[in-house]
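Shown next, in structure tokens, is the structure this report addresses.
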Amino acid sequence: MALVESVAGWVPPWRVTNDALPAHWGVDDHWVRSRTGITARHRSGPGVSTGDLAYEAARLLLERAGHPRVDALVLATATPDHPCPATAPAVAARLGLGSVGAVDVSAVCSGFIYGLACAQGLVAAGIAERVLLAGADTYSGWLDPDDHRSGVVFGDGAGAALVAAGPAGAPGELLGFDLGSDGAGHDLISVAGGGSRARSSQEQAAPGDGYFRMRGGAVYQQAVERMTGSCRALLAKLGWDPGQVDHFVPHQANGRILSAVAERLGIDPARCVIHLDRVGNTGAASIPLALADADARGALRTGDRVLLTAFGGGLTWGSAALRWAGPPVAPAAPAAVRATASRSPASRTTAVRPAAAALSEELS
């Protein structure tokens with residue numbers, strides 16, 4: 001069996017409140033809160049990439065866990081450092097993991113769920129004893145500066161989890177998955193330029209093809225329907241009643257989406273883990289960041305039943321269920337900010353976060 005041993009999260013220090021959004025967007029705090037539930041988001045500074053954020057979250061996680069042996073690294077992201085090569089091998093090298101297997105997973109905001117399934121598969125197949133899974137995105141560099149609807153929603157961040165082999169029934173056990181996709185909706189969430197489709201075209205690239213685009217109304221409907229259906233399918237597979245879910249952790253896309261899915265499932269809103277109000281939609285990082293924050297607040301207890309679900313571009317969606325593992329293998333580091341290692345490009349613009357245990361204080 002595969003167990004989720006522990007999680008950690010990291011966000012860049014540049015915090016952008018609703019009042020600090022660009023004036024030419026013509027939005028205010030009330031407008032953003034009422035439509036998204038978001039009060040602030042974090043942005044990466046100049047020269048800071050997705051790989052840098054993934055490195056910081058993974059480093060903190062390994063530090064908390066006492067630097068256990070890792071046999072593979074899976075990085076879920078829609079904003080890689082380069083179209084080629086993958087970002088995961090570079091992150092593994094910076095972490096000093098040696099020549100372990102390392103691969104990127106691209107499922108946009110569903111990336112962490114898909115990455116979790118990949119990590120479980122590596123463990124179940126006997127390929128890896130322990131997998132380091134990271135979800136990281138830097139949407140700030142992909143957003144059209146004139147697109148206020150996407151600009152108010154997305155933030156940058158990274159989260160990480162350790163997935164390891166363990167006995168059935170143990171805390172942290174991954175209990176099941178439901179995954180799905182619908183390529184007919186690929187244009188609802190997209191970056192048109194930069195790939196082989198655009199490069200093979202004889203037509204001149206349109207202005208803005210390199211920016212992230214999202215058709216909000218259609219995405220809202222698809223997200224609510226797909227996440228609700230996926231959760232229902234997984235709950236039926238597990239034989240769980242919605243009332244047996246101790247914590248519901250949906251992808252932190254939009255406050256209204258989260259509420260709609262929880263309501264349709266019949267899950268008490270009090271059991272819905274909300275974190276986007278302080279960090280926005282962080283893509284593949286949103287679920288591990290939300291888990292790390294809930295863990296830091298003491299909301300998660302060993303053995304709690306946790307239901308995860310996500311929806312993203314592709315279109316992709318998925319759900320996962322697990323029993324919460326509890327405290328990490330090693331105690332968290334002291335709650336003090338330390339300078340980032342000099343080998344990290346992020347060190348010039350960021351400071352290392354103390355660990356997931358301090359995350360809720362930083363983002364409150």
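Just to check your reading of the model, which residue among GLY255, GLY314, GLY318, GLY266 is more than 19 Å from VAL4 (Cβ to Cβ), modelled with pLDDT of 95 or more and among the small types (Gly, Ala, Ser)?
Result of the check over GLY255, GLY314, GLY318, GLY266: GLY266.
Cβ contacts < 8 Å: first residue within 25 Å of VAL11 (Cβ to Cβ), restricted to region 160-181; second residue open to solvent by 30 Å² or more (accessible area, probe 1.4 Å) and among the charged types (D, E, K, R), any location; separation 6+ or different chain. Result?
Close Cβ pairs (under 8 Å, with a partner that is open to solvent by 30 Å² or more (accessible area, probe 1.4 Å) and among the charged types (D, E, K, R)) amount to ALA161/GLU5; LEU162/GLU5; LEU162/ARG130; VAL163/GLU5; VAL163/ARG130; GLY172/GLU5; GLY172/ARG323.
Evaluate the following for ALA90: is it under 28 Å from SER230 (Cβ atoms), in contact (Cβ under 8 Å) with a residue 24 or more places away in the chain, open to solvent by 30 Å² or more (accessible area, probe 1.4 Å) and out of contact with any strand residue (DSSP E or B) (no Cβ under 6 Å at 6 or more places or on another chain)?
Against the criterion (under 28 Å from SER230 (Cβ atoms), in contact (Cβ under 8 Å) with a residue 24 or more places away in the chain, open to solvent by 30 Å² or more (accessible area, probe 1.4 Å) and out of contact with any strand residue (DSSP E or B) (no Cβ under 6 Å at 6 or more places or on another chain)), ALA90 does not qualify.
Which members of region 109-148 meet the condition of being modelled with pLDDT under 95 and assigned to a helix (DSSP H, G or I)?
TYR139, SER140, GLY141, HIS148
All but one of (1) more than 15 Å from the chain's Cα centre (by Cα); (2) open to solvent by 10 Å² or more (accessible area, probe 1.4 Å) hold for ASP104, so report the exception by its number.
(1) is the only condition that ASP104 fails.
Can you name the residue in region 243-283 that is among the small types (Gly, Ala, Ser) and open to solvent by 10 Å² or more (accessible area, probe 1.4 Å) and is also farthest from VAL153 (Cα to Cα) among such residues?
By that ranking, first place goes to GLY243.
Scan region 287-305 and report the pairs whose first residue is assigned to a loop (DSSP other than H, G, I, E, B) and whose second residue is among the hydroxyl-bearing types (Ser, Thr, Tyr), with Cβ atoms within less than 8 Å and a gap of 6+ or a chain change.
Close Cβ pairs satisfying both conditions: ARG297/SER360.
Somewhere in region 198-211, is a residue closer than 21 Å to SER44 by Cα and open to solvent by 30 Å² or more (accessible area, probe 1.4 Å)?
Checked against the condition, which is being closer than 21 Å to SER44 by Cα and open to solvent by 30 Å² or more (accessible area, probe 1.4 Å), region 198-211 yields at least one hit.
Given (1) farther than 30 Å from ALA128 by Cβ; (2) modelled with pLDDT under 95; (3) open to solvent by 50 Å² or more (accessible area, probe 1.4 Å), identify the lone condition not met by ARG232.
All conditions pass for ARG232, except number (2).
Of all residues in region 187-229, which are among the basic types (Lys, Arg) and closer than 17 Å to THR309 by Cβ?
ARG226
The values are calculated or read from the model by the stated rules, or taken from the named source; none is laboratory data. All of these numbers come straight from a predicted model, not from anything done at the bench. FYI the Cβ positions are ideal-geometry reconstructions off the backbone, even for glycines, and counts take in every protein chain you see. Ligands, DNA and RNA are stripped out before the accessible areas are found, and what is left, the full protein with its side chains, is counted by its heavy atoms. Shrake-Rupley method; radii C 1.70, N 1.55, O 1.52, S 1.80 Å.
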